[in-house]
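Derivation of every value follows stated rules applied to the coordinates shown; laboratory data play no part. Since we're looking at a predicted model, the values are computed, not measured. Virtual Cβ from ideal backbone geometry, glycine too; neighbours counted across all protein chains shown.
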Amino acid sequence: MIRSLALLACCVGLYCSCTPKYQRVAGTYHIAMKGEPKYELLDYWAAHPDKHDPSDSIPVPLQQEYVYDSTIDVFFIHPTTFTDRTDERWNAEINDTSLNAKTDYTTILFQASAFNQARVFSPRYRQANIKAYFTKDTVEAMKAFELAYEDVRSAFQYYLDHYNQGRPIILASHSQGSNHAIRLLKEFFDQKPLQEKLVVAYIIGMNIPLTSFTDLKPCIDSTSINCFCGWRTFRRGHVPNLISRFKESFVTNPLTWTTNDSFASRHLNKGAVLRNFNKVYREVTDAQIHENILWSSRPKFPGSFLYRVSNYHIGDINLFYLNIRENMQSRVSFYKRSNKISF
């Protein structure tokens, strides 16, 4: 099973800038101890509304129209940034300053920021090494994922107990984070009272098996609430080797927010945020569901003619950055109207 997820493993590259500049700030991180995270301390959160962090960043073209809503919470579970397969460890240490800086200035800056019109919480956790998706040692791999989920679960429970205070919740995730998000949704939301507090779950970058939930349903349009959506992006025409793993999976088109296979042209793409965080590329690519994966044409941006890969996993969020941002607002507005919550 673990080996079958190999193509889904997250890497941080074209869209979540992989520059070593984050090393310049690694020395400012202050988690001293290894072991279990202490979520009562802000240092154990990559993003938190009580501190300034990269998730607060807003691309320059979007700053003028930015509106912050402190009545909504986003719990974001970041993808794999522990990508050194030569490392003997199966899980990252919570006090790894270099890795924490890498996490903050890649996925937190380039992905979590898409949701920063609300209060963003994103825990540091002892994430599984990317090799856990590739290894034949499935026993150790499963242990690694279990430890990672224990941390995510602990962080979410602490968040509920100390920070949520009855606010509606948006759950967002990518790649390894989505593996954990599916479990979190099942344990805390599916057929539970908290399901009514769920605005939407964006479970991005992993297949979502049809058997994942008992009561939670996929979103059927752009304003559906108490539901989930997600997609996994490949270049148009590419059929991944593990296509059979997606055939029993939910998938959403992030340009139309529907689950049918209608083609959505690039004109519906409001904008992508790629290497340059302060540059928004409009109409960068199209989208169409194909056999329960998402096909997109090669994105158009300066130098894109050199971009030859067919796996757009690292761009699952960034290629549709503004569409996600606007959709979040639409669902929040509908949720508030439906629940008669004052704006």
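Structure above, values below:
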quantity	calculated
Check: the chain dipole with +1 on Lys, Arg Cβ and -1 on Asp, Glu Cβ, in debye	860
Identified option (computed P(r) over Cα pairs in 20 Å bins from 0, in percent; candidates [x] 29, 47, 16, 6, 2, 0; [y] 33, 62, 5; [z] 30, 56, 12, 2)	[y]
Sites SER70 and THR28, calculated FRET efficiency, Cβ-Cβ separation with R0 30 Å, nearest 0.05	0.65
Alpha-carbon centroids, the stretch 121-149 and the stretch 187-250: separation in whole Å	21
Computed E for GLU88/ASP221 - FRET, C-beta separation, R0 45 angstrom, nearest 0.05	0.40
Distant-in-sequence amide H partners of SER175 (H built 1.01 Å from N, under 5 Å)	ILE204, GLY205, MET206
Residue order, fewest to most surrounding Cβ atoms within 10 angstrom, among ARG298, ARG124, ARG85	ARG85, ARG298, ARG124
The stretch 251-260 - phi-based ³J(HN,Hα) in whole Hz, Karplus 6.51/-1.76/1.60, Gly and Pro as x	8, 10, 8, x, 9, 10, 6, 10, 10, 8
Value at 222 nm in deg cm²/dmol, rounded to 500, when DSSP H runs of n ≥ 4 in the chain each add -39,500 (n - 2.57)	-5500 deg cm²/dmol
Spacing of the two label points (7 Å from each Cα toward its C-beta) at GLN165 and LYS21, in nm	3.5
Anchor LYS34: aspartates and glutamates whose Cα lies under 18 Å away (excluding residues fewer than 8 positions away in-chain)	ASP43, ASP87, GLU88, GLU93, ASP96, GLU146, GLU150, ASP151
Residue order, fewest to most surrounding Cβ atoms within 10 angstrom, among LEU42, LEU147, LEU194	LEU42, LEU194, LEU147
The stretch 66-218: Lys pairs at Cα distance under 26 angstrom, eight or more positions apart or on different chains	9
Potential extension, ARG337-VAL239 segment - 0.36 nm per residue separation minus Cα distance	31.1 nm
Order of MET206, MET142, MET33 under a 10 Å beta carbon neighbour criterion, fewest first	MET33, MET142, MET206
Whole-Hz ³J(HN,Hα) from phi, Karplus 6.51 cos²θ - 1.76 cosθ + 1.60, for the stretch 148-159, glycine and proline x	4, 5, 4, 5, 4, 4, 4, 5, 5, 5, 5, 4
